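Undergrad: Please see the structure below; I have some questions.
Please treat every number below as a calculation from the coordinates, not as lab data. For clarity, every value in this text was computed on a predicted model and none was experimentally measured. Note that we place each Cβ from the backbone using ideal geometry, even for glycine, and neighbour counts take in every protein chain shown.
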Amino acid sequence: MSAHATAAHPPLYAGGLRSWLTTVDHKRIGVLYGVSALFYFVVGGVEALIIRLQLASPTADVVGADTFNQLFTMHGTTMVFLVLMPLSAALFNYMIPLMIGARDVAFPRLNAFSFWTFFFGSVLLNLSFFVGDPPDAGWFGYANLTSKQYNPGMGIDFWLLSVQIMGIASIASAVNFTVTILNMRAPGMSLMRVPLFVWMALVVQVLMLLAFPPITVAFIFLMFDRFFGTHFYIPSAGGTPILWQHLFWIFGHPEVYILILPSFGVVSEVLPTFARKPLFGAPFMIFSGILIGFLGFGVWSHHMFTTGLGAVADTAFSLATMLIAIPTGVKIFNWIATLWGGHIRFRTPLYFAVGMVGLFIIGGLSGIMHASPPVDIQQHDSYFVVAHLHYVFFGGTVFGLFAGIYYWWPKVTGRMIGEGLGKLHFWLMVVGMNLTFFPMHFLGLDGMPRRIYTYATDLGWERWNMIATVGAFLIAVSVLVFFVNAARSLASKTQAPADPWDAATLEWTVSSPPPEYNFAVVPTVNSARPFWLHKYGPTRDISTRTKAQGTPAQPDNPPTRIDLPSPSSWPILAALGLALLGGGALVGLWMVLFGAAVLVFCVYRWAFQPLERTGHPTFGPAPSGGSS
Amino acid sequence: MLVSIRLQTAEAVSRERSTLSKTLLAALLLPIAGCAAVESPDWRTLRPVSDFGVLVLDVYGDLFWWTAGIFVVVELLLIYALVRYRSRSGDSEVPDQVHGFTALEIGWTLLPAAILFFIAIPTVRTIFLLQGAPPDRDPLEITVIGHQWWWEFRYPELGIVTANELHVPVGRTASLTLTSADVIHSFWVPQIGGKRDLNPGSENRLWFTPTEPGVYHGQCAELCGTSHANMRMRLFVDDSASFAQWSAAMRATAAPDSAGVMTFLISGCAACHTIAGTPAQGKVGPDLTSVGSRTTLASSMIPNTPEMMAAWLRSPDSVKPGALMPDLNLDEQRIADLVEFLEGLR
């Protein structure tokens, strides 16, 4: 039922470099996000491996103190802003329009602008390596260590400017996807019929819209302190460094949910597909996701239990944090109930989704420990917290996103990906991850603080550190297996079917990869599982539930004409202008002004360029006078 | 009245819990550490030597058992579901399409809420205990000032100023006032209990009553720059007699020999360091009045031996990267003289 779909369409990814630079197709932009994120995953991973080598033995001398501080700062910043967020954005970009039955996002050129702004921001951040002065105050950059007095180099400037630029990309894409999800759903797709992945994406967009402004304010204060001599965070001049902590964590904690909710969404798609059941209690899952996002804004000071905010504040933030365990627990139980009574097919996406559930539980439970200030003041800034956050971000987010990568790989590439190597990847990663991060609990309990480049021999920390380092290299091997698997898949000639997993949602109704216009006919939706309904019918009688041999869900060719937006050079050039404007602060005023001029000019040209120009992509028969 | 109630609660709490749950906790965790837990005290945070640490450990014990229980139950349910409901080969039938079961879902919404209640109660009680007034009516007041990258300790009532080695008497509450001279640091002696930040421009407080004499490792827990990893300290919990002896020795410093003082002054050391009773009154670096009596140098990085002291004077930066003490390009004779003088300051 799939082979028919391929021949009729021009290949999705044809075209040279120029077609990629000017694309406004959400699918190509999704691929661009994915490739960038995987590249930075390797960069951040190499930084982690150097960190682990340095810590493998006491008083090691792989890197010096300053280099070590730069490495963990870049590792954290890279993994949060250059890997996990863009990898989620890759899945959002590619999948959301397909899952809601839309032909593209609401603002295709803004979408391209978001990607290129992110990309140039990420380049600016890493340029700091090439001028030999990467940031070194941690990804959380606590004031007043970031002040000009204690950090006179350019590293902090690279960091604060690039993260601000990437923040603009995040806010722009948050607006775009909020509008897309709310306004561009196919007819009949009420909000309660929206797939869980798209729901979690919507919560993430709202979190980004509300969380990035406070961090932007924090960065602007810091920028003013460093560039113009203000004293927002300078205690000797009456400023307060603790202001930074509040502003940072008002962003920073919602950011945790920005990083984990996409993974929750993926798992909520993968488990039902491979258990061949609907998601258990979908409304509970939707509302618990919303509640997690909402509560996420009221718990920031649980990162500050050692700051000395007083017993009343500690109590309030402690109890609010504990409340988050309730909707999170609901999600875990509902996932298990989804598997319960199913016919579970053990394919690679399911492995990673189940791995995510099993490992995230560990990070969630140590999170409950940190919700209790008396316990947290022991574990805070110790390796116990390093273990906790990696169980959340690696066990939770990375495993969830790999579940998504394996799940949607055939859809995106049109090729199946090896099951054997996929499972090898999974097992190596599970073992490596637990070997790396579980011993860190022990190190934390034994009093080892975070962010130290060396430790004395008589403290008894070397054994678990050595084991953690071995585990880290096992993770590196598992990632290598993934890339081999990916390369083999891309080199293979076997066409993936449109619906390889017998799934329930709309993206599987179109060919793999989908045609440029996504849907020949915009589907009409009358269920939360429209494709399942199409295949198996509405009957509730088990005995008749065999797959319908009915008509394909989508015709081969569009019956009416489809107009798609033209590629445009202005989004990428505007993004370049923005990056020059920001990066120019490190060079001189002339470059800031030049960047601003480029930005204004490109946005102006963009605004006056019609979305569909002569020669824009069209499909289907010529218009016959009627509206399309 | 309030103080005594608080005291009783703290003691009662620590006594009733410390037996069962701590033994079990140790029994569970120690085998993981294997047999190597011999020389250094493994699991420092689980072996508190103060009332503060015991209060913290009690809450940790509660949480550990709740979370360990939840962990086992949930992971077993997950594994059971995977094994029990795996697809058999040749199985093409579609399972029953269950969409949910509201009563069950309400049940597992309420269950975590109930468990949280049991976690919240000891948590809140302990928050107020720890941040309330110290249990001792007459605590030993100590001011702790963080510097890049060393610790300054001041005993206002004893008139003692020292660095990197904190002495407290066993059984008497020490009440710390914490602040910083430059960036944010964090005071942490794992076996004493939790940490508290040293914020520039404001003061934090932390009290604890040490219960066992000994020497305990501590170090800065908030990233504070290049040598954050090297900002270590030693906490000496002395019995009453040795504490009295130590504080008497610290106060009754003999006048240093004047030739040595002159070497110290002409070498430029006095710009940053103080030696009581001499013109050396610098305030930037550690007070060196009794430096010869300390067991370690360079914020507990190296043992206090003449060789190590000489190495430190020769090139501070190669001992402690980024050290703010400049390399004064002293010749070997000058270094030898300084070492002899400084080691004699007791």
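Undergrad: Among all the lysines, which ones have a C-alpha under 21 Å from B:Lys320's C-alpha, if same-chain residues fewer than 8 places away are not counted?
TA: Output for B:Lys320: B:Lys283.
Undergrad: Now a separate question. Place a +1 charge on the Cβ of each Lys and Arg in segment A:48-179 and a -1 charge on the Cβ of each Asp and Glu, then give the dipole magnitude about the Cα centre in debye, rounded to the nearest 20.
TA: Rounded to the nearest 20 debye, it is 400 debye.
Undergrad: With +1 on each Lys and Arg Cβ and -1 on each Asp and Glu Cβ, and nothing else charged, work out how big the dipole of the protein assembly as shown is about its Cα centre, in Debye to the nearest 20.
TA: Roughly 3360 debye, rounded to the nearest 20.
Undergrad: Which FRET efficiency value, to the nearest 0.05, is calculated for A:Thr67 and A:Thr230 with the Förster distance at 35 angstrom and r the Cβ-Cβ distance?
TA: 0.70
Undergrad: Choose one answer from B:Ile302, B:Ile121, B:Ile275: the residue with the largest mean-square fluctuation in a GNM of chain B with alpha-carbon springs under 10 Å.
TA: B:Ile121
Undergrad: Using Cα pairs under 8 angstrom and six or more residues apart, how large is the relative contact order of chain A, in percent?
TA: After rounding, I find 18 percent.
Undergrad: While we're here: Which value, in debye to the nearest 20, describes the size of the charge dipole of segment B:258-343 about its Cα centre when Lys and Arg Cβ atoms bear +1, Asp and Glu Cβ atoms bear -1, and nothing else is charged?
TA: Taking the Cα centre of segment B:258-343 as origin, the dipole is about 280 debye.
Undergrad: Have a look at A:Leu428, A:Pro449, A:Leu389 and report the one farthest towards the positive end of the charge dipole of segment A:377-526, computed about the Cα centre with Cβ charges (Lys/Arg +1, Asp/Glu -1).
TA: A:Leu428
Undergrad: Right, here's the next one. Could you point to the residue in A:Phe41, A:Ser489, B:Gln281 farthest towards the positive end of the protein assembly as shown's charge dipole, with +1 and -1 charges on the Cβ of Lys/Arg and Asp/Glu respectively?
TA: Of the listed residues, the answer is A:Ser489.
Undergrad: Does anything in segment B:324-346 have its amide N under 17 Å from the 7 Å Cα→Cβ label point of B:Leu265, and if so which residues?
TA: Only B:338, B:341-342 pass the distance filter.
Undergrad: Given the protein assembly as shown, what whole percent of its Cα pairs are spread farther than 53 Å?
TA: 22 percent
Undergrad: Let me know the Kirkwood hydrodynamic radius for chain B, please, with Cα pairs as the basis and the value in Å to one decimal.
TA: About 23.7 Å, per the Kirkwood formula over Cα pairs.
Undergrad: Once you put a point 7 Å from the Cα of A:Leu490 and another 7 Å from the Cα of B:Asp331, both along the Cβ direction, what distance in nm separates them?
TA: 6.7 nm
Undergrad: Between B:Thr143, B:Thr305, B:Thr102, where does the largest GNM mean-square fluctuation fall for chain B, given springs only between Cα atoms within less than 10 Å?
TA: Greatest mean-square fluctuation among the candidates belongs to B:Thr102.
Undergrad: Which of A:Thr230, A:Gly132, A:Ser162 sits farthest toward the positive end of the charge dipole of the protein assembly as shown, with +1 on the Cβ of Lys and Arg and -1 on the Cβ of Asp and Glu?
TA: A:Ser162
Undergrad: Let me check I've understood the local charge: for A:Gly15, count other residues with C-beta under 14 angstrom from its C-beta, Lys and Arg +1, Asp and Glu -1. What total comes out?
TA: +1
Undergrad: Quick check: the distance between the Cα centres of segment A:496-514 and segment A:188-208, to the nearest angstrom?
TA: What the calculation gives is 20 Å, centre to centre.
Undergrad: Please compute the average number of Cβ atoms from other chains found within 10 Å of each residue's Cβ in peptide A:329-339.
TA: Whole-number average of other-chain Cβ neighbours for A:329-339 is 6.
Undergrad: Shifting gears a bit: Let me know the shape class of segment A:118-256, please: from the alpha-carbon gyration tensor, a ≥ b ≥ c as square roots of the eigenvalues, rounded when a/c is under 1.5, otherwise prolate if a/b is greater than b/c, or oblate.
TA: prolate
Undergrad: Calculate how steeply helix A:589-607 sits against the longest principal axis of the alpha-carbon atoms of chain A, using the helix alpha-carbon long axis, and give the answer as 0 to 90 degrees to the nearest 10.
TA: Relative to chain A, helix A:589-607 is tipped by roughly 20 degrees.
Undergrad: A further question on this structure: Please list, or write none, the aspartates and glutamates whose alpha carbon is within less than 18 Å of the alpha carbon of A:Lys148, excluding same-chain residues fewer than 8 places away.
TA: Once the sequence-local aspartates and glutamates are set aside, what remains near A:Lys148 is A:Asp66, A:Asp133, A:Asp136, A:Asp157, A:Asp225, B:Asp182.
Undergrad: Let me have the 222 nm mean residue ellipticity of chain A computed from DSSP H runs of 4+ only, each contributing -39500 (n - 2.57), with the sum over all residues rounded to the nearest 500.
TA: For chain A, the value works out to -21000 deg cm²/dmol.
Undergrad: I would also like to ask the following. Over the Cα atoms of segment B:258-343, Rg to Rh with Kirkwood Rh, two decimal places?
TA: 0.91
Undergrad: Quick one: Cα centre-to-centre distance for segment A:375-423 and segment A:63-109, in angstrom?
TA: 14 Å
Undergrad: In peptide A:269-282, how many Cβ atoms from other protein chains are near each Cβ within 10 Å, on average?
TA: 3
Undergrad: To continue, here is another question. Could you pull out the trypsin sites (Lys or Arg not before Pro) across segment B:214-314 that fall in loop regions by DSSP (anything but H, G, I, E, B) with no more than 11 other Cβ atoms inside 10 Å?
TA: Loop-located and lightly packed - B:Lys283.
Undergrad: Any chance you could list the semi-axes, whole Å, largest first, of the equivalent ellipsoid that the Cα gyration tensor gives for segment B:140-239, using √(5λ)?
TA: Listed largest to smallest, the semi-axes of segment B:140-239 are 20, 15, 12 Å.
Undergrad: Past the 21 Å Cα-Cα mark, which pairs from A:Lys27/A:Lys411; A:Lys331/A:Lys411; A:Lys277/A:Lys535; A:Lys27/A:Lys535?
TA: Beyond 21 Å: A:Lys331/A:Lys411; A:Lys27/A:Lys535.
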